Amino acid sequence: MLWGKGMKTHTSTIGIDAISYSVPRAYLDLRDLAIARGVTPAKYTDGLLVERMAVAGPDEDPVSLAAGAARRVLAASGRGADEIGLCVVGTETAVDHSKPVAAFLHGLLGLPSTCRAFETKHACFGGTAGLLGAVDWIAAGSNRGRSALVVCTDIARYALNSPGEPTQGAGAVAMIVSSRPRLLELEVGRTGSYARDVHDFWRPLDRKEALTDGHFSVQCYLDALAGAYADWKQAVGPAGLDVDRDGMKLVRTCYHVPYGKMAKKAHLHRRSLDGLGDAGAEESFATEVGPSLRLPGQVGNVYTGSLYLALCSLLHEEAEELAGKRVGLFSYGSGCTAEFFAGRVHPEAASLVRRLDLMAPLRDRRQLSMAEYEALRRADEGADRRPAPEGVQARGIPGRMGYANGHEGLVKFLGIDAGARRVYDLQ
Ligand code: CAA
């Protein structure tokens, strides 16, 4: 279906079968942050296009968020843990220098012992590295009928009072990647890549908070978009760019969203790379990108999961009207690397999206006061050394896949045991 006349024939369909996410239970309204920092709220809401940012509590860490998202996607999609042959977790806020988040997930979800499980890192690109690796794993036949679980999980932290502070956030997105996907068929082997060694954003080993050369990072993102998009055009060839051919137009594009305005800058830049002028630019942004920014605007930057939270938003808003339509995806990881690729919304995506209930994780969140937010952020520093309650043992709970809408059924981080092991509990 994807490849026709003049393009290489490619019959396999591989892509995202199901998607869900989890966020912390609390958030900060960015108007409150603006007032506290002596900034006009419009700078954040109109200048950066952000409304709220999720803030992790003491029992929420990248593992608990990842487990929450993974449990939700498995339960809501009707997939069993025993169908998973590959579990990849993309993160840039790992909890251990050696043991990957994927190993914790393996235990907490009760994945099969024959499952390949590991973690990937390249700033916000880590999840895409996992997704594209999973697609190749299936295309190569290594899956032997099984599916992959790809989870992107992060807590985005910048220093209090820094320019990056309004662009924080936290959350995890979990995807099941399979052949015959029910949501988005990806164009296998047709991606555009870009890489360059830059210091636009980094987090030295002894720090919890990221450092960034903010305005330079914006330019690096745009340069990476130009490079990856040009390479994608080469990869798909003239037939893949022929917008007069039925179904070949990219009707929507999801971008990596550190904050909404960055996605807007990206879209306008891409239009200029296509030789399109300013006329119609605002309308194009509102139609082609706007629906993908609603969820990110409520959660903030979730780093590796940010592109896929944008995809959740798009599918929640428009899965029905996008049936059979082609969608572009742009992933950026500081440092830097990027990839531009495309997929097609499955005709039956809308009915699955209704079952996935993609608004559920945002229900019943609690709004923090500035004092509560600052207290949580200050307590963060010691979170990885907090002792777990006496007598509590690290445990996975194989086969127990409790699931509920909202925040019930989340995995909780309890602290560190006497042997410096992280301890989790499933409520
Ligand atoms: N009303 C409306 N708009 C206003 C305003 C007002 N009162 N006051 C300012 N603005 C606008 C500005 O005009 C500007 O818009 P444009 O970019 O369209 O010109 C916008 O608000 C932001 O203003 P500033 O550029 O002055 O903001 P800043 O310098 O304080 O910080 C930032 C912006 C550098 C992006 C900072 O938030 C930051 O460092 N963020 C973290 C780094 C980041 O997210 N980089 C993105 C690319 S890297 C990446 O994508 C990887 C990743 O996930 C981190």
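Would you check if there is a residue in segment 170-187 being within 16 Å of the ligand (Cβ to nearest atom) and either surrounded by fewer than 19 Cβ atoms within 10 Å (Cβ to Cβ) or over 30 Å from residue 74 (Cα atoms) (or both)?
Within segment 170-187, not a single residue is within 16 Å of the ligand (Cβ to nearest atom) and either surrounded by fewer than 19 Cβ atoms within 10 Å (Cβ to Cβ) or over 30 Å from residue 74 (Cα atoms) (or both).
Within segment 191-220, how many residues turn out to be assigned to a loop (DSSP other than H, G, I, E, B) and either within 14 Å of the ligand (Cβ to nearest atom) or not acidic (Asp, Glu) (or both)?
13
What's the number of the condition residue 101 fails, among (1) under 21 Å from residue 299 (Cα atoms); (2) open to solvent by less than 10 Å² (accessible area, probe 1.4 Å)?
Going through (1) under 21 Å from residue 299 (Cα atoms); (2) open to solvent by less than 10 Å² (accessible area, probe 1.4 Å) one by one, residue 101 breaks only (1).
If only one of 216, 201 is in contact with a helix residue (DSSP H, G or I) (Cβ under 6 Å, 6 or more places away or on another chain) and either open to solvent by 20 Å² or more (accessible area, probe 1.4 Å) or farther than 21 Å from residue 285 by Cβ (or both), which one is it?
Going through 216, 201 in turn, just one is in contact with a helix residue (DSSP H, G or I) (Cβ under 6 Å, 6 or more places away or on another chain) and either open to solvent by 20 Å² or more (accessible area, probe 1.4 Å) or farther than 21 Å from residue 285 by Cβ (or both): 201.
Limited to segment 296-354, what total is found for residues that are within 14 Å of the ligand (Cβ to nearest atom) and among the β-branched types (Val, Ile, Thr)?
4
Check every one of the helices (runs of 4 or more DSSP H) wholly within segment 293-392 and list those with 3 or more residues that are hydroxyl-bearing (Ser, Thr, Tyr).
Where helices (runs of 4 or more DSSP H) fall fully within segment 293-392 and carry at least 3 residues being hydroxyl-bearing (Ser, Thr, Tyr), they are 306-318.
Out of the residues in segment 60-82 that are of a type in the set (A, V, I, L, M) and in contact with a strand residue (DSSP E or B) (Cβ under 7 Å, 6 or more places away or on another chain), which is surrounded by the fewest Cβ atoms within 10 Å (Cβ to Cβ)?
Once the filter is applied, the top-ranked residue is 76.
Collect the residues in segment 221-240 that are in contact (Cβ under 8 Å) with a residue 60 or more places away in the chain, of a type in the set (A, V, I, L, M, F, W, C) and more than 14 Å from the ligand (Cβ to nearest atom), keeping them in residue-number order.
Residues satisfying the conditions are 232, 236, 239.
Identify, please: which residue in segment 140-169 is part of a loop (DSSP other than H, G, I, E, B) and within 13 Å of the ligand (Cβ to nearest atom) and is, among those, surrounded by the most Cβ atoms within 10 Å (Cβ to Cβ)?
168
So, residue 368, is that one within 30 Å of residue 191 (Cβ to Cβ) and at pLDDT 95 or above or not?
For residue 368, the condition - within 30 Å of residue 191 (Cβ to Cβ) and at pLDDT 95 or above - is not met.
Specify which of the listed residues (85, 57) is open to solvent by 10 Å² or more (accessible area, probe 1.4 Å), farther than 18 Å from residue 313 by Cα and outside any helix (DSSP H, G or I).
Result: 57 is the single residue among 85, 57 that is open to solvent by 10 Å² or more (accessible area, probe 1.4 Å), farther than 18 Å from residue 313 by Cα and outside any helix (DSSP H, G or I).
Could we say that residue 123 is touching a Cys at 6+ places or on another chain (Cβ under 8 Å), surrounded by fewer than 23 Cβ atoms within 10 Å (Cβ to Cβ) and of a type in the set (A, V, I, L, M, F, W, C) here?
The answer is yes for residue 123.
Residue by residue through segment 251-261, note down the ones that are near the ligand (Cβ under 8 Å from one of its atoms) and within 13 Å of residue 224 (Cα to Cα).
256
I'm told residue 243 meets every condition in (1) open to solvent by 10 Å² or more (accessible area, probe 1.4 Å); (2) more than 14 Å from the ligand (Cβ to nearest atom); (3) modelled with pLDDT of 95 or more; (4) assigned to a loop (DSSP other than H, G, I, E, B) except one. Can you identify the failing condition by its number?
(3)
Filter segment 246-270 for residues that are open to solvent by 30 Å² or more (accessible area, probe 1.4 Å) and part of a helix (DSSP H, G or I); which is nearest to residue 189 (Cα to Cα)?
So, considering only residues that are open to solvent by 30 Å² or more (accessible area, probe 1.4 Å) and part of a helix (DSSP H, G or I), the one nearest to residue 189 (Cα to Cα) is 269.
The values are calculated or read from the model by the stated rules, or taken from the named source; none is laboratory data. Here the structure is a predicted model, which means the values were calculated and not measured. Neighbour counts are summed over all protein chains in view; Cβ atoms, including those assigned to glycine, are modelled from backbone coordinates with ideal geometry. For the accessible areas, the whole protein counts, side chains as well, though only heavy atoms, and no ligand, DNA or RNA atoms are used. Shrake-Rupley method; radii C 1.70, N 1.55, O 1.52, S 1.80 Å.
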